[in-house]
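Below you'll find the structure, written out as structure tokens, and then a few comments.
The values are calculated or read from the model by the stated rules, or taken from the named source; none is laboratory data. Predicted model only: the values in this text are computed from it and were never measured. Here the Cβ positions follow ideal geometry from the backbone for every residue, glycine too, while neighbour counts run over all protein chains shown.
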């Protein structure tokens with residue numbers, strides 16, 4: 001019973017959003033899958049030149065294969081961990097070793113993303129970086145202010 005409890009707690013901790021410092025991509029999601037410069041409103045707000053857009057495209061293209069490989073490694077390690085967690089035969093140390101491997105893979109992916117972002121920052125002026133940060137902040141505020149979805153879980157009477 002203790003083994004199952006430890007395994008369930010470990011699984012829950014690993015799948016909490018933000019469990020890894022750089023697990024999420026910088027400038028991702030609503031910023032056009034990491035390509036913030038592809039959104040016409042962002043491009044206009046930042047007053048990006050064609051040359052800047054081309055340079056950002058080149059940086060992204062240069063790193064794309066490496067990022068895909070690193071992401072695939074994270075997914076494989078996560079799948080391996082999932083398989084271990086449902087297995088009755090994996091001992092605690094093997095599971096913890098797999099967790100270490102997964103976190104190292106996540107760290108490598110996060111570092112690669114951060115290095116790409118640092119390279120992209122060099123393309124933008126200080127004013128453009130400031131404006132981009134403002135746009136991201138406004139977007140976060142807008143997202144936080146949205147109403148919950150209709151299919152969102154409602155609290156039970158005991159929770160409420």
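A few points about this structure:
- Assessment of the range 27-37 against the conditions (assigned to a loop (DSSP other than H, G, I, E, B), loosely packed, with under 15 Cβ neighbours inside 10 Å, at pLDDT 95 or above and at negative phi) yields no matching residue.
- Leading residue by the ranking (farthest from residue 78 (Cα to Cα)) among those in the range 91-108 that are touching a helix residue (DSSP H, G or I) at 6+ places or on another chain (Cβ under 7 Å) and in contact (Cβ under 8 Å) with a residue 40 or more places away in the chain: 92
- For the range 81-90, taking the residues that are in contact with a helix residue (DSSP H, G or I) (Cβ under 6 Å, 6 or more places away or on another chain) and part of a helix (DSSP H, G or I), the one that is nearest to residue 61 (Cα to Cα) is identified as 81.
- Residues satisfying the stated conditions in the range 41-65, i.e. without any contact (Cβ under 8 Å) to a residue 60 or more places away in the chain and more than 25 Å from the chain's Cα centre (by Cα): 44, 49, 50, 51
- Taken over the range 38-70, the criterion of being in a loop (DSSP other than H, G, I, E, B) and at pLDDT below 95 is satisfied by 39 alone.
- Just one of the listed residues (111, 131) is touching a residue at least 60 places away in the same chain (Cβ under 8 Å), surrounded by fewer than 17 Cβ atoms within 10 Å (Cβ to Cβ), assigned to a helix (DSSP H, G or I) and touching a helix residue (DSSP H, G or I) at 6+ places or on another chain (Cβ under 6 Å), namely 131.
- Against the numbered list (1) more than 26 Å from residue 119 (Cβ to Cβ); (2) surrounded by fewer than 12 Cβ atoms within 10 Å (Cβ to Cβ); (3) modelled with pLDDT of 95 or more, residue 101 comes up short only at (2).
- When residues of the range 134-160 are limited to those that are modelled with pLDDT of 70 or more and surrounded by fewer than 10 Cβ atoms within 10 Å (Cβ to Cβ), the one nearest to residue 41 (Cα to Cα): 141
- Considering 74, 42, 53, the condition of being within 17 Å of residue 100 (Cβ to Cβ) and crowded, with 16+ Cβ neighbours inside 10 Å is satisfied by 74 alone.
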